[in-house]
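Student: Here you go, one structure.
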Amino acid sequence: MTESLLIAPAASVECGSMPGLDAAWSREVAVIDRDGVPRTWHVLDNGVAPTEGTLLCVHGNPTWSYLWRRFLASAAPGWRVVAVDQLGMGYSERLNRPRTLAERIDDLDSLTAALGMTGRIVVAAHDWGGPISLGWAERHHDQVAGVILANTGVSLPAEGRAPFLIRLARSRLLHQVVCVRTGTFVRGAALLTRPPLSPGVRAALRAPYSSAERRQAVGDFVADIPLTVNHPSRGALDRMSSGLADLSGVPVLLLWGPRDPVFSLAFLRDLEHQLPQADVHRYAGASHLVTEDVPEAADHAWTWIRTRVSELAPMSAGRPLGPAIDVATSPGSATAIAEPGRGGTRRTTFIELTARIDAIAETLRHAGVRAGHRVAVLVPPGLELTAAVYACWRAGASIVVADTGLGWRRMANALRSADPDHLIGISAAMVAAVALRIPGQRILIDDLPKPIRQVPGASRNGPRAASPMRSEPIADPEAAVLFTSGATGPPKGVVYRHSQLRAQLELVCALCGITRDDRLVAAFAPFALYGPALGIGAAVPRMDVTQPGTLTAIALADAAAAVGGTLVFASPAALRNVVATASQLTASQRVPLARIRLVLSAGAPVALPLLRDLQRLLPAAEIHTPYGMTEVLPVTDIALPELEKVGLGNGVCVGHALPGVRLGISPLDALGWAPDAPLHTVDVTGEICVSAGHVKDRYDRLWATEQASSRDPGWHRTGDVGHLDAAGRLWVEGRLAHVITTADGPITPVGAEQRIEAQAPVTGAALVGVGPQGTQQPVAVVVPAASARRGLADDELARAVRAAAEIPLAAVLTVRSLPVDIRHASKIDRTRLARWAGGVLVGARMGRP
């Protein structure tokens, strides 16, 4: 029988000076193990009465309970937190022989019994602590209320495919030298962090392993990884893995660092396969010690415990019925897609488009694409992109779209985060996919040229097995993973289901009054996909899709002529260059532009002078600037006449909410946060919240981000700030992340920027905050109309900017251009500008912002 002999403060453990560790948590517990031998354990225990439950934290190799210090420090009320040092590890008793996986599960069982852990328990584990804690959880599934796993694995690949670092540490030549005789393995683990740990934290992680004697279990742990089928611990690992079905009703959270050289994304994929109910948060840039790389991971875990365990929120919700989006019925001989080029216009009829879709869909099925799979589409805009997307949907798959407008590095990171099962693309894209390490079975949309056939992975070999979590029911499957522009951080994957895309299509159709007589010119390539679903022809102008500003007036006119365009979708940057190049148009080229009846421009604020110039170029067009984002588009709408009527204000007026859309404002507090629920309140500035049927399903593998954006049931928090006026119109004042928090209260940037641009001799302006939150100083960064060097503005320009801003400015700085996002070439990177301005004002080198 297991019993506790002693629970007392660990006086012998020198942990008082370790960063973030409260010495009062340190305990030594004497426990009789299953063989009747007394063992002394070291644990960190916050000593709270577990009125809500207990969080049991289990470390891996070669860390110790210190890894969980933030979980203890941020513990929710009524939660006891116990972080263990496994026997032979940390400050627990050293052993005279190696421990197997089965024995370590028994050891943990003995300890929890001795500690009297009753009631509901949430298990948290990292690295090799994962199999041990899950083995324990399967024995106590009636008590287990939740599981949190960080960079671990429950199944291991066959020998030869194991992680390189593990195989290296297991080699006969290096095992004892690297793991035991020297501290190489221990030091190396502390180096697997991004960004690097502070010296104090690195020292704390190494502290229990100061000698070869104290590192013996580090080597034993490595040796106990069952890479072969006849390994002594293989049976225990297999039993644990097969027993995970007993935890199918238990909420699970996976916290993952994708840059882990040990537990690759293959391990995450396997965990999602074995635990399909899991919520996942993938921290871009984080590595093996994810809870060190991302300190807020502990807060995210406690939020998850509150929402998934304490409040018993459902793990999934039912979906409405509805078919997948497909090509609408249309006259077969009508033009579906027109592609203007230097050699003339290539036209594809609806009959030809449908045949091409059918052919690609059959190829996809033959290649192993199945319902619920994800397919990354790496195809240029035009016929092949449209056909590939609709073919994926016909095959029951979801598309993953990360356009090159993100930049190659960000696009590759985005695609890797979505973890597609397949990639479909042209030959050049397949070569790039190999170089950029984008996962998934590669399927060429064109014939394989001989040089490409030799590129690893560029083949039609069978795909990898997809996880059951992606085998969606017939009702409303996942349709697409689209990526945000990344203007305020890494691009986020946004998941849409078919019902949400249909709702978006219906709203766009109603907003534009689209009939079968309309034809679409899509200067933002993804909008070209609307055409077939609406049964109308579409054209993509000749331009560099990665640079919206390359659209010329002639290219727009050619596209309009090719398809008989009546509708134009384009970004502000694209329209800016159209107006700038309008003088190059001939009289005949102006004719198709005169037939355009409607222009939609979204993605960033559009200056009123630009809209006026555009109206002169397109005299018959109604010009609208709807507001929306990747997560929900469109939200509001306003036309040029109403913009003229409302004039300048504190922000950009984006009009009234569209039918079926509700708007709310969560007011800003003194520090620029928006903690309260959204309200429909007039002239109160706060975070803009949206409720609508076409809001995204979720952020992909970003549980904490999704939780923050949807924490008010039925609402999506946009991250934008603004207010509603007395007429119910929405005014956008900037991004929540760009609010300037002064000692006198928060200031939003867009209103002052507009006033400066309208009244001062500048072509662009950005307002940023410099200094600590709560005492920031507003600084204006402007692009002078006359050329000027980077740095402090001259006295005359500074006076003009200060007078126009109508708020106190600490400084006025000049630049040659403002940094903007790649996709829209319109969204100002104020965070980057703020860093630059702060450096300039303290005398740093005058570089480019």
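The values are calculated or read from the model by the stated rules, or taken from the named source; none is laboratory data. Computed from a predicted structure; not experimentally measured. Using ideal geometry, Cβ is built from the backbone for each residue, glycine included, and neighbour counts are taken over all protein chains shown. These accessible areas exclude ligands, DNA and RNA; they are computed on the full protein's heavy atoms, side chains included. Shrake-Rupley method; radii C 1.70, N 1.55, O 1.52, S 1.80 Å.
Student: Residues that are touching a residue at least 12 places away in the same chain (Cβ under 8 Å) and over 25 Å from A338 (Cα atoms): find the helices (runs of 4 or more DSSP H) completely inside region 383-451 holding 3 or more of those.
Tutor: 408-418, 427-435
Student: Under 7 Å between Cβ atoms, which residue pairs at least 6 apart in sequence (or on different chains) link something in region 120-137 that is more than 12 Å from L244 (Cβ to Cβ) and open to solvent by less than 10 Å² (accessible area, probe 1.4 Å) with a partner that is part of a helix (DSSP H, G or I) and among the basic types (K, R)?
Tutor: I132/R104
Student: For the condition of a type outside the set (D, E) and free of Cβ contacts under 8 Å to residues at least 24 places away in the same chain, what is the one hit in A798, A765, A704, A785?
Tutor: None of the others qualify; the one that does is A798.
Student: Out of all the residues in region 39-68, which are under 20 Å from R214 (Cβ atoms), open to solvent by 10 Å² or more (accessible area, probe 1.4 Å) and either basic (K, R) or without any contact (Cβ under 8 Å) to a residue 40 or more places away in the chain (or both)?
Tutor: R39
Student: Something else about it: Name the one entry in V154, V147, V218, V222 that is touching a residue at least 40 places away in the same chain (Cβ under 8 Å) and touching a strand residue (DSSP E or B) at 6+ places or on another chain (Cβ under 8 Å).
Tutor: Result of the check over V154, V147, V218, V222: V147.
Student: Among the residues of region 665-686, how many are in contact (Cβ under 8 Å) with a residue 40 or more places away in the chain and more than 20 Å from G751 (Cα to Cα)?
Tutor: Residues meeting the conditions: 1.
Student: Filter region 728-745 down to the residues that are in contact (Cβ under 8 Å) with a residue 40 or more places away in the chain and small (G, A, S) and list them by number.
Tutor: Scanning region 728-745 gives G728, G734, A737, G745.
Student: A further question on this structure: Scan region 337-363 for residues that are touching a helix residue (DSSP H, G or I) at 6+ places or on another chain (Cβ under 6 Å) and open to solvent by less than 40 Å² (accessible area, probe 1.4 Å) and jot them down.
Tutor: I337, A338, P340, T348, I357, I360, A361, listed by residue number.
Student: For residues that are open to solvent by 10 Å² or more (accessible area, probe 1.4 Å) and over 15 Å from A162 (Cα atoms), scanning just region 251-268, find the one that is farthest from the chain's Cα centre (by Cα).
Tutor: By that ranking, first place goes to P251.
Student: Here's another thing I want to ask about it. For region 524-533, how many residues meet the condition of being open to solvent by 30 Å² or more (accessible area, probe 1.4 Å), in contact (Cβ under 8 Å) with a residue 60 or more places away in the chain and in contact with a Leu (Cβ under 9 Å, 6 or more places away or on another chain)?
Tutor: Residues that pass the stated criteria total 2.
Student: Can R832 be described as at pLDDT below 95, open to solvent by 20 Å² or more (accessible area, probe 1.4 Å) and in a loop (DSSP other than H, G, I, E, B)?
Tutor: no
Student: Could you check, for region 88-99, whether at least one of its residues is in a loop (DSSP other than H, G, I, E, B), within 16 Å of A204 (Cβ to Cβ) and open to solvent by 40 Å² or more (accessible area, probe 1.4 Å)?
Tutor: Checked against the condition, which is being in a loop (DSSP other than H, G, I, E, B), within 16 Å of A204 (Cβ to Cβ) and open to solvent by 40 Å² or more (accessible area, probe 1.4 Å), region 88-99 yields at least one hit.
Student: Among the residues of region 364-375, write down those that are open to solvent by less than 20 Å² (accessible area, probe 1.4 Å) and among the hydrophobic types (A, V, I, L, M, F, W, C).
Tutor: If the condition is that a residue be open to solvent by less than 20 Å² (accessible area, probe 1.4 Å) and among the hydrophobic types (A, V, I, L, M, F, W, C), then L364, A367, V369, V375 are the ones that fit.
Student: A further question on this structure: Quick one: count up the residues across region 768-806 that are in a helix (DSSP H, G or I) and open to solvent by 20 Å² or more (accessible area, probe 1.4 Å).
Tutor: Within region 768-806, residues that are in a helix (DSSP H, G or I) and open to solvent by 20 Å² or more (accessible area, probe 1.4 Å) number 6.
Student: Follow-up question, since we're still on this one. Given (1) more than 16 Å from L111 (Cβ to Cβ); (2) open to solvent by 10 Å² or more (accessible area, probe 1.4 Å); (3) modelled with pLDDT under 95; (4) of a type outside the set (K, R), identify the lone condition not met by C15.
Tutor: Exception for C15: condition (2).
Student: Which residue out of V521, V494, V508 is within 29 Å of the chain's Cα centre (by Cα), buried (at least 16 other Cβ atoms within 10 Å of the Cβ), among the aliphatic types (A, V, I, L, M) and modelled with pLDDT of 95 or more?
Tutor: Answer to the check: V494.
To keep it simple, each residue is scored yes or no on (1) assigned to a loop (DSSP other than H, G, I, E, B); (2) over 28 Å from R214 (Cβ atoms).
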residue: V122; (1), (2): no, yes
residue: A137; (1), (2): no, yes
residue: V147; (1), (2): no, yes
residue: V154; (1), (2): yes, yes
residue: A162; (1), (2): yes, no
residue: V178; (1), (2): no, no
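Student: Next up: Scan region 202-211 and give yes if some residue there is open to solvent by less than 20 Å² (accessible area, probe 1.4 Å), under 29 Å from W703 (Cβ atoms), part of a helix (DSSP H, G or I) and of a type in the set (A, V, I, L, M, F, W, C), otherwise no.
Tutor: Among the residues of region 202-211, at least one is open to solvent by less than 20 Å² (accessible area, probe 1.4 Å), under 29 Å from W703 (Cβ atoms), part of a helix (DSSP H, G or I) and of a type in the set (A, V, I, L, M, F, W, C), which makes the answer yes.
Student: Turning to a different aspect of this structure: Kindly check whether there is at least one residue in region 154-164 that is within 21 Å of D107 (Cα to Cα) and open to solvent by less than 30 Å² (accessible area, probe 1.4 Å).
Tutor: For region 154-164, residues within 21 Å of D107 (Cα to Cα) and open to solvent by less than 30 Å² (accessible area, probe 1.4 Å): present.
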